[in-house]
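Have a look at the structure below, then the notes.
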Amino acid sequence: MLYQNQPCELIGTKEVFGHKIAWIRLLENNTFIEVPFQELQEDEKTIHLPHIRYVALAAKIKDEVAKKNILAPYESSLVPLPHQILVLEKVMQAEQNRFMLADEVGMGKTIETGLILKELKLRGEIKRVLVIVPKSSMLQWQAELKEHFNEVFHIYDSEMITSLARTFSNINADEEFNFWRQHHQVIVSTDALKPLDRRQGWTQERIDEYNRYRMDAVLNADFDLVIIDEAHKMGGANALVSRYVLAQELCNAVPNVLLLTATPHRGKADHFRRILQLLDPDAFAGDGLPEISELEQYVIRTEKRNAVDYEGNKLFNERFTYKLDVLLDINKHAKQMALYEAVTQYVIKGFNTAKRTKNKATGLIMILFQRLVSSSTLAILSAMEKRLYRLQNNLLEADNDWSDDYETATEEELIDLDFEGIYFNASEGLEDEEAILVQLITQAKECLATEIDAKAEALLMKFEALQQEKNDTNLKILVFTEFRTTQKMLVDIFSKKGYQVAFINGGQDLDERKRALVSFKADKQILIATDAAGESLNMQFCHVIFNYDLPWNPMMIEQRIGRVDRIGQKHPVQAFNLLTNNSVDQRVYEVIEEKLTNILEQFGIDKSSDVLDSAIDMKKVNQLYLQSLLNPERFDFASDKWMHEIKSKLKEFKSTEGILPLVQEEEIEYKKAADVKHSPLPIWLENLYTTYAQIKGTSYTTTTLGYAILGENGQKKKITFDPEVALNNPDVEHITLQHDTVRSLLNQLSEFSIDKGIPVVKSKESDETSGYWSLWQVSAKNQLDQKLDYISCFVADNGKQYTAYANDIWSRLMGLNDNFSFQSTLHSENWQDIQNKVNEVLYETFKKLEAELIENLDKKLKNKENAYNVQKRRIEKIGIENIRESKLKRLDQEHNNWLSKMKEYRNVIPGSKLLMTIRIDGE
């Protein structure tokens, strides 16, 4: 049946005022519409072998999907690892969906979360999802959920929330509009959402309005699932901290909760209990550290040492970090050495002046200048030229609110400093600063004109040595720098040397970064990246990293290395930290890299662990650098004091490390993941695509690289059905069950019309049995659920049924090796007799499906009662009275409605649909 040349299925008809109306399902997009009956057309296309093969493949794929206990691994664009599938199973088998995922760093908690989210959606248990993450991770979360699970999330940052709040506050309506309901799936940063108690210069009325459009509105937005990344940061010093208040109210209001953290306890019992109370306020209301038995139904933690691949082998490769000393030679680098010393003296004077005059902005600039001169000559030259311009034009300093004091300024605040947006008070500046800058700028320009950057030279020599050592002229390296000016310099230097270079920085959008990554993978030797590349892109195909300049926070170095030291990396990772022999940076490096590494090894703590992130106070690290710069004779005392504090924090962590319930090695069944990895679904999907291309007359060319080139609508695109090929080739589209074309092809599986005749095919095998083969869809459904099964039957001319033979024919029809040839079409007079013979098999199938439906309904009833009681207790703890009462009323109403419909839910509707029948000519 066709409607406007689109295949459709006739559901029913009715007559209204003499007009016949048809209710149809458009097969391509599975939508239902009413149309004039006379606009329907019979599909006159003759059924040939490609169409028969398409039906056989589509039915087999749908049958495979219908039989799976968990579907998310097959609906994603990656193959989950054994421990990730175990986490999914544990959550899905639990009576409640409120868990802390506490795997160690690098184990893929984002993937586990995506699998759980996808599974809950496929089961119809959730629709509206809120993801709360650190600001720097929002783009990465959005990209990974779209790329791996085809889930579209909208980002609500502070600027957008403020804009929406301003817009909707001006709308006069009987009921205030809640813009958090505009999208079903939202990603928001913690800071954008947390409520305010006070803010300098703000009235209470303005603060109340600010909170109303954030926390109050989110609580009223009726999200079904809330996901909180880095949940340990929500605990706060006490229960009154705004971040914790936000998390507590939200987790009480939302039925499904996932908390993600690698360091949930951080050595502090009260903090740990506060986090756990987000999952269940009653279960964790006591004091002290909870017992493992109390945690087991809420916390899942897998350690790296137990992680295995699809063959049961250990998952993670070794990682090696080296210091690459760059010795400045008085004969080759005299001007660089002189410039470094001159800038350092300028920074010391400028900082002391800024501190004396309490000029916070200038103090930060001076600190940043010291890091710029350690990065490259071009970086410090660009900064000094901008500084000189401001001073010469006597531009007054604007507002200091953009940053905290220099002692508490974060890495991000320093790196993202916008020289164009900051104004300086020249009258309070360093004496003769303009003259000093003019001299320094002249020095820097002479340096650039006559000397090759010492670190760039050392990096190039090491790269060439590694190529020889590994006997690989195509070796790829990833070079990280903090500053775009240094990045530009490196791109120019390496390009002039004849190397193919790509670059990524924060000025590019995500698509531009991906294109650069594709280029790096395909034909470039070097990728120069700022830390923007550390936010959203994974580069397992590269295993050598150079940290051209070193960020002050050692965790930033770990995040850089983590771009390549990931699941899927096939080589040991080598990371080289470039360091010149200047006293300021070298002293601090010895502490925060070398001494800290030794301590971590003594404690047996992975350097990439979130434990380190929670133990390091960036204020103290900043002070170490200042001590090294301003008062080097006291540096040893300051660094020893810092190391003592770190040791104390790590001891606290180790003392409570054993309190978490761990996934045991024997629980991780790698064969389950291997079943997903070696599932026939990708092969069937590829055959479905090939058959579709054959029917449509479009080109489909396979390559030796694991992907195919599909020609469609005058365009060509690269596609693959293998997740590993997609992972290693960012420009190749991964086709999964979630893909729009696949959904369309599977939706077009419609009922076969006997009236058009039965195709007759002849096997190329000489001993084929003559008879009728048919393919059926059997269904059992109630108002809550539906069960499907796909059955093949064969009735021989002697009247007997052969089930195994029917399945064998099904398998052969799915193949692309032309087992059969099309003969003709016949109109069978004894079709009703054949259908009567298979009805018994179809009925038995329905009864089995009906029993499964009833069993699932009983489980849902039990879980519904448990969930109702738990959720009622949580809602009763919401502090805002009107929201609490509203949610309790809605909960009772929904629960009572569900219970009242229980009798209706037990009414099961049977269904059977003939998808295809053919006559097998055995002669």
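Odds and ends about this structure:
- Checking residue 252 against (1) at pLDDT 85 or above; (2) touching an Asp or Glu at 6+ places or on another chain (Cβ under 8 Å), the condition it does not meet: (2)
- Residue selection: residue 94 satisfies the criterion of being surrounded by fewer than 17 Cβ atoms within 10 Å (Cβ to Cβ) and in contact (Cβ under 8 Å) with a residue 60 or more places away in the chain.
- Look at (1) in contact (Cβ under 8 Å) with a residue 24 or more places away in the chain; (2) of a type outside the set (Gly, Ala, Ser); (3) outside any loop (DSSP other than H, G, I, E, B); (4) surrounded by 20 or more Cβ atoms within 10 Å (Cβ to Cβ) and you find that residue 710 fails only one, number (1).
- A residue that is under 29 Å from the mean Cα position of the chain (by Cα), outside any loop (DSSP other than H, G, I, E, B) and among the charged types (D, E, K, R) occurs somewhere in region 71-86.
- Where helices (runs of 4 or more DSSP H) sit wholly within region 808-923, those with at least 3 residues that are outside the structural domain of residue 284 (by TED's automatic domain parsing), under 34 Å from the mean Cα position of the chain (by Cα) and not aliphatic (A, V, I, L, M) occupy 831-875, 881-900.
- Region 785-798, subset farther than 16 Å from residue 911 by Cα and not polar (S, T, N, Q), residue surrounded by the most Cβ atoms within 10 Å (Cβ to Cβ): 793
- Complete set of residues in region 307-354 that are surrounded by fewer than 17 Cβ atoms within 10 Å (Cβ to Cβ), within 30 Å of residue 436 (Cβ to Cβ) and modelled with pLDDT under 85: 352
- Complete set of residues in region 111-136 that are under 16 Å from the mean Cα position of the chain (by Cα), surrounded by 19 or more Cβ atoms within 10 Å (Cβ to Cβ) and over 22 Å from residue 313 (Cα atoms): 113, 114, 115, 116, 117, 118, 119, 129, 130, 131, 132, 133
- Residue count, region 118-168 (criterion: touching a helix residue (DSSP H, G or I) at 6+ places or on another chain (Cβ under 7 Å) and closer than 15 Å to residue 72 by Cβ): 10
- Cβ-Cβ under 7 Å pairs, at least 6 apart or on other chains, region 515-528 side within 20 Å of residue 560 (Cβ to Cβ), far side part of a helix (DSSP H, G or I) and not acidic (Asp, Glu): 526/494; 527/520; 528/487; 528/490; 528/491
- Hits in region 1-54 (condition: under 22 Å from residue 822 (Cβ atoms) and out of contact with any strand residue (DSSP E or B) (no Cβ under 6 Å at 6 or more places or on another chain)): 7, 42, 44, 45, 46, 50, 51, 52, 53, 54
- Any pair with Cβ under 9 angstrom, 6 or more apart, that starts in region 207-229 at a residue that is farther than 24 Å from residue 891 by Cβ and ends at one that is among the aliphatic types (A, V, I, L, M) and modelled with pLDDT of 85 or more: 229/131; 229/132; 229/133; 229/259; 229/260
- Filtered residues of region 747-790 (kept if of a type in the set (Val, Ile, Thr) and either in contact with a Ser or Thr (Cβ under 7 Å, 6 or more places away or on another chain) or closer than 30 Å to residue 124 by Cα (or both)): 758, 760, 761, 778
- Subset of region 596-620 that is of a type in the set (Val, Ile, Thr) and surrounded by 18 or more Cβ atoms within 10 Å (Cβ to Cβ) - its residue that is modelled with the lowest pLDDT: 611
The values are calculated or read from the model by the stated rules, or taken from the named source; none is laboratory data. Keep in mind that what you see is a predicted model, and the values were worked out from it rather than measured. Note that each Cβ is placed from the backbone with ideal geometry, even for glycine, and that neighbours are counted across all protein chains shown.
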